[in-house]
Every structure is written in C-alpha cells, then in structure tokens.
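Scroll down for the structure; my scribbles are underneath it.
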Amino acid sequence: MKILGIETSCDETSVGIVDVTGEVMANVVATQVDIHARFGGIVPEVASRQHVIDVRPVVDESLKTAGVHWDDLDAIAVTHGPGLAGSLIIGLNTAKGLSASTGLPLVGVNHLEGHIFAAWGVSGDSREDRELLDGALAEGRSVMCLLVSGGHTELVLMHPDRRFELVGQTRDDAAGEAFDKAARVLGLRYPGGPEIQRVAETATKEPEPLSRAWMRGTNDFSFSGIKTAVLNRARKEGLYPAPSTPENGADGENGAHTEAVASLAKAFQDSVVDVLVTKTLNAATEFDCGAVVVAGGVAANGPLRTAFRQKSPVPVVIPPISLCTDNGAMIALAGIERFSNGERDGWSLDVEPGLRIGRS
Ligand code: KG4
Ligand code: ZN
C-alpha cells in the first residue's frame, strides 16, 4: 500500500509518498520562508497564492522522486485543518481534483495527527523507532506525545488503541510562537526558532536564567510570561528596539550579533526547553507511558532533542528534522493510519481551520 500526502496548511507546499511499512519514498517541500521573511511573519493571502503556483509541480516531483505512477498509489491524503483557511483550501481542492481524475480514494488528515505520526516514518534502514512505539502500544502502554509547533503546544496521550486524548495545552502562546516573538525582539530573522538556536550557540558563558512558568498541578503550559521577560531584559540592556546596524548589535546580513543578544537568546531557549522537557516527562510518568514522542516544528530544536534524550527514563522518539517541520510525508503517514482503518472522505470534506486533536 502506498499513499500520497498533500500539506498546505501554512507556508510550506509539500507532498510526500510513503508505503505501509512507513518508508518515506518522497518528501518534497517548496518553502515560502524567504517570501514571508521580509514581512516578519506569514502573510495569509501571499501564502495561498504561492501554494497555487507550487502545488502541482511539487506533486509531480514527488511522484518522480518516489519512482511511482498514479496506478501504484492506493489513496490521496490531505491536510484539511487546522491552519490558514486560504492555504488549506488549495491543498484540499488539489487533492479532490486528483482524486476525481485518478479514481483514488480521498483521506482527510488532521495536521496535528500528521506531526505525531511523523514519528512512525522510516527513512533509511532504521525501523527501530517505529517498532519501539508499536511495541509499547502492543504491551498496553500509552505514548505521551508533545506537540510543539508555531501554533500549538499540547500534550496528547496516545492510548494503546491509538486513540488520542488531550491532557495538557498552552494557556496562551505556543512555544514556536514564543521563539518567533523573542527572535523579533532580538532583531533576528523570521522564522525565529532556528535563528534563536543558531545565535544561542555562540554565547560564551552561562546567562542569567530567565523565569520558568511551571503551571504546577496541571499539565498545561504558559509562554507569554517568558516573552515579556525577554522584552524587559532586552529593553534594560539597550537591545530593544533592535539596533538597525550590525555594528550596534543587530543581526546583520552576515549573521553578526553581540554577546548580549546571544546570551539573552540562550537564556530564553534554556527556559523553554527546561519547561517542555520537565513537564512532558512528568506527564509521561503520571500516565505510566511506555515511550515519549516529540513532534512539530520546535522538535527540530537541537538542545530540546538532546535534553529529552538525556533526561527521559523511557525511550524518546523524535523524527528527523525533515519530518518535524511541516511536510507531506507526515500527512501520508497519518493517512495510512486512517486508510488502514477503513476511513475515507467524500466530496463534502471541507477545510477546518480550527480543527483540534484528542478532544471528545
Ligand atoms: O510545525 P511547524 O513547521 O509549523 C506549524 O504547524 O506551526 O512549526 C513552525 C515553528 C516556528 O515557530 C519555528 O520558529 C519553529 O517551529 N522552529 C524551531 C526550530 N525550527 C523551527 N523552534 C526552535 N528551534 C528550531 N530549530
Ligand atoms: Zn505544523
């Protein structure tokens, strides 16, 4: 069985092809990052227009990369939410058109489930992670999934019957959003996550720690306080408003920045990583989980990946970076799951910009 997955919920046009064993045969991404970077964030109208331009060539390229024809495929999976309505509709209508012309069944996928099922993807010859997760579920243990992206920070419990249950969530900003906003305060480029990580790596000494919002007694998160703490320290140290020239400390074309910016970036990253890792591992213990999955764009963060691996008492699966940020292969992986359970969608399938995960 092979499924093609289409992802256009935000600013990446991506198409992936996976087989029933989880093998990622293609995962082509046309990113719009450079287009939106000049505006300091995503401009929805620009994003949807760019999806229109990119989606068909990306479909063709993924078929070519995987070396398959339409006849070799069993279904077309597509993200129908959550995300930007104007972006989602381009992927969904493309999927409907392809489904009508090829006769392949249509399978709508929740983008958030896609992020989690990325952990079941196999690239290269390592099947260990996938077997480990399936093994834990087969033994009747649940898997604790931390979903951290630009729009979401959620703790989702996957039960042994593979049903999702939301057990914690951010009360305000998503972790990725906090990375993007902190980067903006520090005069760093969009998207902020990779920039904060890059700049923090250059800090030469341990920074003065920033506060952590523990939200004790709950599995919830809060990241708006840390954002304000970054702003306040940046103001105090004369880093904000961000100076406009590299000589003054701003991140210039050549990526130059001052020690003060590096130190504050590191303090911010340390705080967010500490909270995400500690709270996820506590929740995994509370629910007696057999494994932990870390998924979503922020799961690309190096120090976060390292901290999870060092501190977790149970095995941790974090997809390779190409499967963490938005991509079509993860949609195909979640599509395989739904399709194998006999689920199909009809022409009435619509975009759901506010779609949630694991809520009854
Ligand atoms: O999952 P994703 O690609 O898109 C959404 O569905 O939101 O996540 C994008 C988010 C952005 O906020 C970006 O800054 C963050 O993931 N991100 C990172 C890193 N790479 C991407 N955050 C921290 N460290 C990174 N290396
Ligand atoms: Zn995403």
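The values are calculated or read from the model by the stated rules, or taken from the named source; none is laboratory data. What you see is a predicted model; the values in this text were computed from it and never measured. Cβ: placed from backbone, ideal geometry, glycine included. Neighbour counts: every protein chain shown. Please note that ligands, DNA and RNA were not included when accessible areas were found on the heavy atoms of the full protein model with its side chains. Shrake-Rupley method; radii C 1.70, N 1.55, O 1.52, S 1.80 Å.
Within segment 32-53, can one find any residue that is touching a strand residue (DSSP E or B) at 6+ places or on another chain (Cβ under 6 Å) and of a type in the set (A, V, I, L, M, F, W, C)? Spell out the reasoning first.
We begin by selecting, within segment 32-53, every residue touching a strand residue (DSSP E or B) at 6+ places or on another chain (Cβ under 6 Å); these are 51.
From what is left, the residues that are of a type in the set (A, V, I, L, M, F, W, C) are none.
Taking every residue of segment 32-53 in turn, none turns out to be touching a strand residue (DSSP E or B) at 6+ places or on another chain (Cβ under 6 Å) and of a type in the set (A, V, I, L, M, F, W, C).
Consider segment 73-106. How many of its residues are farther than 28 Å from residue 358 by Cα and either within 16 Å of ligand 1 (Cβ to nearest atom) or in contact with a Lys or Arg (Cβ under 6 Å, 6 or more places away or on another chain) (or both)?
1
How do the helices (runs of 4 or more DSSP H) wholly within segment 274-360 filter down when requiring 3 or more residues that are out of contact with any strand residue (DSSP E or B) (no Cβ under 9 Å at 6 or more places or on another chain): which remain?
The qualifying helices (runs of 4 or more DSSP H) are 302-311.
As an exercise: evaluate residue 178 against (1) closer than 22 Å to residue 281 by Cα; (2) of a type in the set (A, V, I, L, M); (3) open to solvent by 10 Å² or more (accessible area, probe 1.4 Å) and give the number of the one condition it does not meet.
Residue 178 satisfies every listed condition except (3).
Among 273, 316, 293, which is free of Cβ contacts under 8 Å to residues at least 40 places away in the same chain, within 21 Å of residue 125 (Cα to Cα) and surrounded by 19 or more Cβ atoms within 10 Å (Cβ to Cβ)?
Being free of Cβ contacts under 8 Å to residues at least 40 places away in the same chain, within 21 Å of residue 125 (Cα to Cα) and surrounded by 19 or more Cβ atoms within 10 Å (Cβ to Cβ) holds for just one of 273, 316, 293, which is 316.
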